[in-house]
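A short write-up of the structure that comes next.
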Amino acid sequence: MANSNLPRRIIKETQRLLSEPAPGISASPSEENMRYFNVMVLGPSQSPYEGGVFKLELFLPEEYPMAPPKLGRICLDILKDKWSPALQIRTVLLSIQALLSAPNPDDPLSENVAKHWKSNEVEAVETAKEWTRLYATGA
Amino acid sequence: MDSEDDMHDANDVESLEDFYSGDTAIDSDDAADGDYEFIDNDSEDEYDDFTSHRNQQNYTILSEADIRQWQENDILKISTVLSISKVEAGILLRHYNWSVSKVHDEWFADEEKVRNTVGLLERPVIEFPNAREMTCGICFEDFPSAMMSAVACGHPFCNSCWAGYLGTSINDGPGCLTLRCPDPSCAAAVGQDMINTLAREEDREKYARYFLRSYIEDNRKAKWCPAPGCDYAVDFVVGSGNYDVTCRCSHGFCWSCTEEAHRPVDCGTVCKWIMKNSAESENMNWILANSKPCPKCKRPIEKNQGCMHITCTPPCKFEFCWLCLGAWSDHGERTGGFYACNRYETAKQEGVYDESEKRREMAKNSLERYTHYYERWASNQSSRQKALQDLQLMQSVHLEKLSDIQCQPESQLKFIIEAWSQIVECRRVLKWTYAYGYYLPEHEHAKRRFFEYMQGEAEAGLERLHQCAEKELQVYLNAEGPSKEFNEFRTKLAGLTSVTRNYFENLVRALENGLADVDSHGACSRTTSSKSLGGSRSKSGRGRGTSSKSGSSSRNIDDSSHWSCEHCTFANVRSATICQMCHNRR
């Protein structure tokens, strides 16, 4: 079973994430695999994503914490070359929340959205609000 | 660079030999002098001069032990002058690309700034906790403080997490040399002392290799020899002129672009030429294998089907036979029918039909022009490879044999090795003159003409030397016992070697000069040329400036004792009616 040899660090991190969750963030391990987390990040207030709930999947590889957690295609330096084993799941998720407050159009996943953002930010923010309402409110 | 001047002075003596003279003077002083002792000494000096020119002048070959020694010395120097530990000195030097002077400059300009940039803390950021037991910030386990470590900042992590942290970084590559404390907010550098106490054995070794390699790879004045399997590095005195270096593994390369040595052609041209070769080679091979040029308009034609009767596309419309490339009007039943060509078959059987020769004759359009230069470039390359093998064979087998037969100590036979080394070097130069020729603008008629003349002379001179070293030597190698003529042979071969060396050295200089002599109408008269070239060398160095046309020696051409050839610009003595250089009439 994958959970039998779970390092103490992962157990402790998990306990703390559950007992003292960071504001606007929830992360809970899957029952079958304690290295697999279902994550929800609330859209930060005063951002276009306010009111939205963003679901993420986070996986802790075998080398964790020497290697960073795997988190889909998110351009965040601490998930790549700036990773340090002294960082934690909590710090990673807080960074992602911060990224929602201050999106970086110079390092986008979607080229088109970034172009839109850079050419007409007001309009792009409206689109983001609209999409948040349509796709991230759980309605 | 004191020694560079010495070298020029030494060469200037030789350069008095006339380089432009058509009959490459075997009857020059040192060769005509029948005193072998004298020649031996002379050529030995030349050899020393030659090697110092190659090896000790402006670069140093470093073995792994040398690299370790140099690195150690530099670290010690910085550690002493800056009063910091050797580990810190190593971190500092690596950051500033192993430049001792740069470290000095930066450190003494702003020590604090340097310390912050590089991560050399003077005092801990936090006190190393005094508790008996602590929690590691990575694995969250509790440990007695004796099992925790920190770098200068004081952030403690357990030794096992340190080992994992260091190992992960080391296995990621040479970036481990700039490793910082695991605490994300801390910039304290992690040095080799931590590696040596905390990393696993195999990681320690890897780190040590990266550290050593860094002394070459992060160093602006050192490079690895690019020859496959060679472990030597070359430390180069930047700004000392000519970039050609010869590694101890005998690979000759250009230190600047690390392509093989290519004087007199510059790095840019070499890069262009090599790119062109790789881009063209596929096309070129295909075209050579599958097409023939139209005998009239020279455009390449691919025959994909049908009979031998080819009609070139308009506007040319020339009708010809694919096999013999003759006009179709000459063909028909009398040449064996429309599906065969007797002329071709007969000629082929007799071995008269040299297709490639015919192709060379047709070298007219750009592709053919390129092929012309490429073929010669490539054939000199393979000649050189062959000569290199011959040289090695000579050194390993023949010299000893010859020494036995001719009853001469091997030390007296060095002139043969010198001859072969010279042949190898000349083949290399000759090869690159074809890249030079390819890029020499078509419209510079005088330069092209002069260049082709010099190239032709160089080629002929080299052939003479090659012939002598190869064929004539064979006689003495196959002889039963000592030959009386052997000493004459020695004189001849040593003379040819010396003359050819001078000719090629001057050729290289002239080409590096951009053939400036052609502009300065006739700076190449028999008496003035060698002096002006020799003089320019000692003052301006190689490949720089065009000073051979300055100075009084070339100006006195204007006097009435000379006439300048309108074909090649050579300054002839008034009495001559035919140009001494290109043999055209006045």
Open item on the list: Which residue is surrounded by the most Cβ atoms within 10 Å (Cβ to Cβ), if the candidates are limited to the range B:180-227 and must be within 14 Å of another protein chain (Cβ to nearest Cβ) and among the basic types (K, R)?
Closed with: B:R180
Open item on the list: Residue under question is A:I11, and the condition is that it be under 18 Å from A:S101 (Cα atoms), within 14 Å of another protein chain (Cβ to nearest Cβ) and surrounded by 13 or more Cβ atoms within 10 Å (Cβ to Cβ); does it hold?
Closed with: no
TODO: Hey, can you tell me all the residues within the range B:90-125 that are in contact (Cβ under 8 Å) with a residue 60 or more places away in the chain and on the phi < 0 side of the Ramachandran plot?
DONE: B:G90, B:I91, B:R94, B:H95, B:S99, B:N116, B:V118, B:L120, B:L121, B:V125
Task: Search result, residues across the range A:1-40 that are of a type in the set (V, I, T) and under 16 Å from A:P69 (Cα atoms) - done: A:I10, A:I11, A:T14, A:V39
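Quickly run through the range A:86-113 and pick out the residues that are outside any helix (DSSP H, G or I) and either within 12 Å of the chain's Cα centre (by Cα) or within 30 Å of B:V190 (Cα to Cα) (or both).
Of everything in the range A:86-113, those that are outside any helix (DSSP H, G or I) and either within 12 Å of the chain's Cα centre (by Cα) or within 30 Å of B:V190 (Cα to Cα) (or both) turn out to be A:A86, A:L87, A:Q88.
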Task: Positions within the range A:66-75 being away from chain B (no Cβ under 13 Å) and either of a type in the set (A, V, I, L, M) or closer than 22 Å to A:Q15 by Cα (or both), in sequence order - done: A:P69, A:K70, A:L71, A:I74
- [ ] List the number of the failed condition for B:E202; all other conditions in (1) part of a helix (DSSP H, G or I); (2) farther than 15 Å from B:E72 by Cα; (3) out of contact with any Ser or Thr (no Cβ under 6 Å at 6 or more places or on another chain); (4) touching a residue at least 24 places away in the same chain (Cβ under 8 Å) hold.
- [x] (4)
Task: Verdict on B:S240 being surrounded by fewer than 18 Cβ atoms within 10 Å (Cβ to Cβ), free of Cβ contacts under 8 Å to residues at least 24 places away in the same chain, hydroxyl-bearing (S, T, Y) and not assigned by TED's automatic domain parsing to the domain that holds B:Q422 - done: no
- [ ] Would you be able to tell me the number of residues in the range A:14-37 that are away from chain B (no Cβ under 14 Å), of a type outside the set (V, I, T) and not in a loop (DSSP other than H, G, I, E, B)?
- [x] 8
Task: Cβ pairs under 6 Å, 6+ apart, first in the range B:182-196 and at pLDDT 95 or above, second polar (S, T, N, Q) - done: B:P182/A:S84
Open item on the list: Would you confirm, using the coordinates I've provided, whether B:E141 is acidic (D, E), surrounded by 20 or more Cβ atoms within 10 Å (Cβ to Cβ), modelled with pLDDT of 90 or more and farther than 30 Å from B:F253 by Cα?
Closed with: no
- [ ] Test B:F253 against the stated conditions and say whether it is outside any helix (DSSP H, G or I) and surrounded by 15 or more Cβ atoms within 10 Å (Cβ to Cβ).
- [x] yes
TODO: State all residues of the range A:38-85 that are in contact (Cβ under 8 Å) with a residue 60 or more places away in the chain and not in a loop (DSSP other than H, G, I, E, B); if no residue qualifies, say none.
DONE: A:V53, A:F54
TODO: Could you tell me which of the residues A:S95, A:S110, A:S84 is hydroxyl-bearing (S, T, Y), farther than 22 Å from A:E20 by Cα and within 14 Å of another protein chain (Cβ to nearest Cβ)?
DONE: A:S84
Open item on the list: Suppose the filter is in contact with a helix residue (DSSP H, G or I) (Cβ under 7 Å, 6 or more places away or on another chain), of a type in the set (A, V, I, L, M, F, W, C) and outside the structural domain of B:V100 (by TED's automatic domain parsing); does B:A233 pass it?
Closed with: yes
Task: Output for the range B:321-340, where each listed residue is modelled with pLDDT of 75 or more, within 14 Å of B:S291 (Cα to Cα) and not aliphatic (A, V, I, L, M) - done: B:C321
TODO: Only helices (runs of 4 or more DSSP H) wholly contained in the range B:93-178 count here; list those with 2 or more residues that are within 14 Å of another protein chain (Cβ to nearest Cβ).
DONE: B:159-171
- [ ] Check whether at least one residue in the range A:84-95 is exposed (fewer than 12 other Cβ atoms within 10 Å of the Cβ), over 22 Å from A:P7 (Cβ atoms) and among the hydroxyl-bearing types (S, T, Y), and report yes or no.
- [x] no
Task: Cross-chain or 6+ apart pairs with Cβ under 8 Å, the range B:248-276 first and at positive phi, then crowded, with 20+ Cβ neighbours inside 10 Å and of a type outside the set (A, V, I, L, M) - done: none
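The values are calculated or read from the model by the stated rules, or taken from the named source; none is laboratory data. Note that the coordinates shown come from a computational prediction; the quantities given were computed from them, not determined experimentally. Note: ideal-geometry Cβ built from the backbone for every residue, glycine included; neighbour counts use all protein chains shown.
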